[in-house]
Amino acid sequence: MIGVLLLLLLLPLLLFIAAPQIRKMLSNGVCTSTAQLPGKVAVVTGANTGIGKETAKELAQRGARVYIACRDVQKGELVAKEIQTMTGNQQVFVRKLDLADTKSIRAFAEGFLADEKHLHILINNAGVMMCPYSKTADGFEMHIGVNHLGHFLLTHLLLEKLKESAPSRVVNVSSLAHALGRIHFHNLQGEKFYSAGLAYCHSKLANILFTKELARRLEGSGVSVYSVHPGTVHSELVRHSFFMRCMWRLFSFFIKTPQQGAQTSLHCALAEGLENLSGNHFSDCRVTWVSAQARNMTIARRLWDVSCDLLGIPLD
């Protein structure tokens, strides 16, 4: 009995001492590419915070012309100035992008295409997680609307520019949570039944299915597409869930920093020789497992068609 009590008392201390080693073990996977990006143009959604911010910072450090596409322009401007100061690269710009509003997405794309002749890297990073049931400006359930449909439309609008700028890459930030996801076409908007946690999982599955179908359609175009699991990362993504915020604090020593979480996105955007892996899912900078649902190309093609229908995009 005394031994058990001593163990319980010592456990927090042992975890604290072991935390750096455990975190290192959980955070393996570093982008080792030395690619420099002068003359290259990149768009990173949700780059005013977290993983997106660190991704944009590294791309700017390598000389790219970087667009921070975010809803909070004021916060984005502060981040842009911070990146400019840290990297010495003044070609960091902020543009309004609200993925919960297709008018905002179309306005962003129209402005970007008017300003830029090229687009080499598109990183669909922004997202929402476990928010209460709500709808986007266009009536879509918030998770599927922002995490999937918003990025689907954005990619569609920028796709010709990506093709013209080839070789180019698209990186879709997904999650290991996709394993719990299902695409319920009869309840895609969550109106028949809704769970905030599962809605997030469903949208992350949609990210991988979108990646696979887009890669199939882009074979031979010079545009490569990848989905990534960044790991469990300190970010604002859990702001809607009190339980998840508590878990993040409790296990903070074992959670990746945003800089660590950005490594797989950077690897897929920059590493040489990945073209033949287009359509694959990455974690810790290497190809990783996806669920059976995420490998189902019949569902991927149907989701593509349904997404086009919802967004008013002509089927081809």
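So what does CYS308 come to for accessible area, using a 1.4 Å probe and Å² rounded to 10?
Around 0 Å² of this residue is reachable by solvent.
Taking all protein chains together and a probe of 1.4 Å, list ASP284, ASP115 from the most accessible to the least accessible.
Working: ASP284 25, ASP115 90 Å².
These residues rank, largest area first, as ASP115, ASP284.
Which aspartates and glutamates have a Cα lying under 12 Å from the Cα of LYS117, excluding residues fewer than 8 positions away in the same chain?
Cα-Cα hits under 12 Å: GLU160, GLU164.
On a straight-distance basis, which aspartates and glutamates could pair with LYS103 in a cross-link, Cα separation under 17 angstrom, same-chain partners fewer than 8 positions away excluded?
Answer for LYS103, where 17 Å is the Cα cut-off: ASP72, ASP138, GLU141, ASP309, listed by chain and number.
If you roll a 1.4 Å probe over segment 117-226 with all protein chains in place, what percent of the accessible area is carbon or sulfur? If you can, show how the numbers build up before the last one.
Details: 2100 of 3800 Å².
Carbon and sulfur: 55 percent of the exposed surface of segment 117-226.
Return the lysines within reach of LYS53: Cα separation strictly under 17 angstrom, same-chain partners fewer than 8 residues apart disregarded; answer none if there are no such residues.
Those lysines meeting the cut-off are LYS75, LYS81, LYS96, LYS256.
In this model, which of LYS135/LYS204; LYS135/LYS163; LYS161/LYS204; LYS135/LYS212 are farther than 24 Å apart at the alpha-carbon?
Beyond 24 Å between Cα atoms: LYS135/LYS163; LYS161/LYS204; LYS135/LYS212.
Run the 1.4 Å probe and let me know the accessible area of THR232, rounded to the nearest 10 Å².
70
Report the net charge of residues surrounding SER203, where surrounding means a beta-carbon distance below 13 angstrom and charges are Lys +1, Arg +1, Asp -1, Glu -1.
Residues close to SER203 contribute a combined charge of +1.
When the dipole is taken about the Cα centre of segment 34-309, and only Lys, Arg (+1) and Asp, Glu (-1) are charged at their Cβ, what size is it in debye, to the nearest 20? Can you show the working numbers first?
Working: 31 positive and 23 negative charges, 71 e Å.
For this selection, approximately 340 debye.
To the nearest 10 square angstrom, how much accessible area does SER104 have with a 1.4 angstrom probe?
About 20 Å², rounded to the nearest 10.
The values are calculated or read from the model by the stated rules, or taken from the named source; none is laboratory data. Because the structure is a prediction, the values reported are computed rather than measured. When we count neighbours, we look across all protein chains shown, and the Cβ atoms used for this are built from the backbone with ideal geometry, even at glycine. When the accessible area is computed, the model is the full protein with side chains, heavy atoms only, and any ligands, DNA or RNA have been set aside. Shrake-Rupley method; radii C 1.70, N 1.55, O 1.52, S 1.80 Å.
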